[in-house]
1. So which pairs qualify, if the first residue must be in the range 94-108 and modelled with pLDDT of 85 or more, the second must be of a type in the set (Phe, Trp, Tyr) and in a loop (DSSP other than H, G, I, E, B), the Cβ gap must be under 9 Å, and the two must be at least 6 apart or on different chains?
2. If you check every pair at least six apart or on different chains, which have Cβ atoms under 6 Å apart with a residue in the range 312-329 that is under 17 Å from Ser161 (Cα atoms) and open to solvent by less than 50 Å² (accessible area, probe 1.4 Å) first and a residue that is among the small types (Gly, Ala, Ser) and in a loop (DSSP other than H, G, I, E, B) second?
3. Could you tell me whether any residue of the range 44-51 is at pLDDT 85 or above and open to solvent by less than 40 Å² (accessible area, probe 1.4 Å)?
4. In the range 294-311, which residues are touching a residue at least 40 places away in the same chain (Cβ under 8 Å), part of a loop (DSSP other than H, G, I, E, B) and of a type in the set (D, E, K, R)?
5. Could you please find all residues in the range 184-219 being polar (S, T, N, Q) and at pLDDT 95 or above?
6. Among the residues that make up the range 175-188, is at least one of them more than 29 Å from Gly99 (Cα to Cα), part of a loop (DSSP other than H, G, I, E, B) and free of Cβ contacts under 8 Å to residues at least 40 places away in the same chain?
7. Could you please let me know if Val74 is buried (at least 23 other Cβ atoms within 10 Å of the Cβ), of a type in the set (A, V, I, L, M) and within 17 Å of Arg306 (Cα to Cα)?
Amino acid sequence: MSRPTIAAVARAAGVSVASVSRVLNDLPATEEMVERVRQAVAELGYVPDSRARSLKVGRTFQLTLAVADVGNPVYVTMMRAVEEVVSAAGYRLVVTMTGPDVVDEVALVRGMARGYADGLVISPLRVDDDLIKSIQECDVPVVVAGNVPARAGVDTVRANSPKGMALAVEHLVSRGRRRIAFLNGPADTVPGEARAKGFADALRAHKLQPVAAVEATDFTFAAGRVAGRQLLEGHPGFDAVIAANDLLAVGLMHELAAAGLAVPDDVALVGMDDSELAEQCFPPLTSVNLGSAERGRRAAELLLARIEDGERSPRRIIVQPSLSVRRST
């Protein structure tokens, strides 16, 4: 019979793995949480692994979050959620930027062997076989906040971008918009590929054809401005645009204003990520919330659970989207 794990204690207590770790490490917690965790520990007969205890002095008690661009508001939201969970479990969070190239992502994962962190949450922009292999062979536990094939056999938390696109298209159609264009980021990226497919499927469900589709060179404000000019120069006949993230959407918004087009009177605009930027721009941006905070929280919990029990089966979690309607539509 296998010994109970900290994950089992968390399920029995109805709390997160981070909360159990907090109580077991005598960190501040509510009386109710302490009681629930202690009761679950007693009922299950949970005893911390003595080998893990003996190795604690060799741990860094640091965890790493690796994202493509630390300046992207969606990653800032994710970082805050990850930090809240891991700090409650007694860990420090180190944040690093991989950039857009998969070779740099691979190098970072392989570099975890240097022992500067006890685990890694990575949100890769691009995925290939080398990255998957490096994750599988990594010396510390790795959780992917993104989409990798199930054959990879690793813990993952991802957004449901196709459903998010469906929400965006349905909203625009309900507002009478039928000439819908798409401003994507690089299509060879994980989000670019998922959102392009989701856009095509959503239009097909409403028996619509895309008026135009432009691919930006990156998921940034500057790239959104450049691609926005291309969209306006080549395809002036649209009455709505969906952008693959909020930064692209705001870049396009600037170009629409420069061309004398009003949002939403002339062109309705929807972004994706529902970052802080969506509320800060003018007019405030309607955006698909892809659950960046929830994805960060769940990824951090999976990492803590994997550190505690390296033999458990990998989990694949999908966070469902919602639509935040604002004045841009």
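The values are calculated or read from the model by the stated rules, or taken from the named source; none is laboratory data. Note that the structure is predicted; figures quoted are calculated from it, not measured. Note that each Cβ is placed from the backbone with ideal geometry, even for glycine, and that neighbours are counted across all protein chains shown. Note: areas computed on protein heavy atoms with side chains; ligands, DNA, RNA excluded. Shrake-Rupley method; radii C 1.70, N 1.55, O 1.52, S 1.80 Å.
1. Val94/Tyr116
2. Note: pairs meeting the criteria are Val319/Gly291.
3. For the range 44-51, residues at pLDDT 85 or above and open to solvent by less than 40 Å² (accessible area, probe 1.4 Å): absent.
4. Asp309
5. Asn184, Thr217
6. Yes, the range 175-188 contains at least one residue that is more than 29 Å from Gly99 (Cα to Cα), part of a loop (DSSP other than H, G, I, E, B) and free of Cβ contacts under 8 Å to residues at least 40 places away in the same chain.
7. When the stated conditions are applied, Val74 does not pass them.
A quick yes/no check of all residues on (1) of a type outside the set (A, V, I, L, M); (2) assigned to a loop (DSSP other than H, G, I, E, B); (3) crowded, with 16+ Cβ neighbours inside 10 Å:
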{"site": "Val70", "(1), (2), (3)": "no, yes, no"}
{"site": "Ala81", "(1), (2), (3)": "no, no, yes"}
{"site": "Thr96", "(1), (2), (3)": "yes, no, no"}
{"site": "Glu105", "(1), (2), (3)": "yes, no, yes"}
{"site": "Val109", "(1), (2), (3)": "no, no, yes"}
